[in-house]
């Protein structure tokens with residue numbers, strides 16, 4: 001089935017929504033396509049998570065985000081973005097994975113799961129949350145192992161090993177401990193990540209100090225078995241730990257090979273090369289990148305707060321071209 005639009009935005013996250021709205025307000029016909037649903041990456045966040053940003057910093061398109069507490073919850077954010085999408089009457093195509101982007105300005109053809117779409121220009125607003133960084137060890141693909149954390153309740157009275165030392169690992173460790181799990185934290189560095197949020201750090205350090213959460217630093221995960229893991233400490237060697245479940249909070253990266261397959265040139269840190277004034281790929285004209293699609297390996301450099309600014313940059317550029 002063929003569909004067409006002036007511009008197709010790939011990615012229905014907050015920055016993709018902001019970009020589509022800015023373009024639609026300038027008179028372009030816009031379709032948003034996503035491999036999941038609306039704000040899929042936010043759906044996959046922990047259920048009880050609160051954002052690090054305030055509500056004002058994740059607002060888009062001038063729509064106020066009323067919120068009881070300074071930092072909104074996952075559910076409040078999803079409700080807000082649903083409301084914005086409905087008010088702006090955006091055009092969506094959900095649960096369609098894009099496989100190919102062919103053509104050039106004015107005649108792009110996008111191949112997706114069930115559709116072939118045509119457009120003049122393409123905007124990549126893809127994130128990185130659906131591409132976890134693998135450890136590449138034995139047992140990583142076992143059913144009790146996950147790169148995502150949703151709810152601590154499922155780990156009540158279970159031996160849970162969490163790998164990582166940044167915010168996601170700390171959040172999972174604290175929540176699971178408070179919901180009755182026996183938590184062991186494994187981190188390859190000598191201490192927690194220096195960027196752990198200030199309200200989380202004293203909490204997790206106190207839990208480690210009192211023994212409520214067991215922690216092994218300078219330690220890596222060597223192997224995962226059905227009911228245990230093998231860890232390796234830089235000083236003391238290998239040992240086994242009981243593990244009913246394993247959470248690999250090792251971070252996420254954009255799908256660099258997918259970008260390259262489309263003909264997008266990357267720099268030495270796998271960030272797409274773009275023109276600053278247009279956010280247009282230097283190697284694939286007519287394809288623009290916004291938000292976390294520009295991150296490369298530096299996934300902490302762009303987020304909703306600064307990524308939403310790309311929407312106005314792109315809308316201004318394309319409006320000037322069509323004037």
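Rule-based calculations on the coordinates, nothing more; no lab input. Keep in mind the model is a prediction, meaning the values are calculated, not measured. When we count neighbours, we look across all protein chains shown, and the Cβ atoms used for this are built from the backbone with ideal geometry, even at glycine.
Helix 309-322 against the longest principal axis of the chain: what's the angle in degrees, Cα atoms only, rounded to the nearest 10? Between helix and principal axis, roughly 20 degrees.
Would you indicate which of (i) 16.5; (ii) 17.4; (iii) 15.0 is the value of mean projected area of the Cα convex hull in nm² derived from the coordinates of this structure? Among (i) 16.5; (ii) 17.4; (iii) 15.0, the one calculated here is (ii).
The range 206-323 has equivalent-ellipsoid semi-axes of 44, 17, 11 Å, by the square roots of 5 times the alpha carbon gyration tensor eigenvalues, sorted largest first.
Rounded to the nearest 500 deg cm²/dmol, what is the calculated helix-only ellipticity per residue at 222 nm for the chain, with -39500 (n - 2.57) per DSSP H run of length n ≥ 4? Don't skip to the end; give the middle numbers.
Numbers: 8 runs with 76 residues, N = 323.
Roughly -7000 deg cm²/dmol at 222 nm, from the helical runs in the chain.
Taking N as the number of residues in the range 145-248, what is its Cα Rg relative to 2.2 N^0.38 Å?
On the way: Rg = 12.6 Å, N = 104, 2.2 N^0.38 = 12.8 Å.
Taking the Cα Rg and dividing by 2.2 N^0.38 Å, one obtains 0.98.
Give the calculated FRET efficiency between residue 190 and residue 88 to the nearest 0.05, with a Förster radius of 45 Å applied to their Cβ-Cβ distance. It would help to have the intermediate numbers written out before the result.
Numbers: r = 48 Å, r/R0 = 1.08.
Using R0 = 45 Å, I get an efficiency of 0.40.
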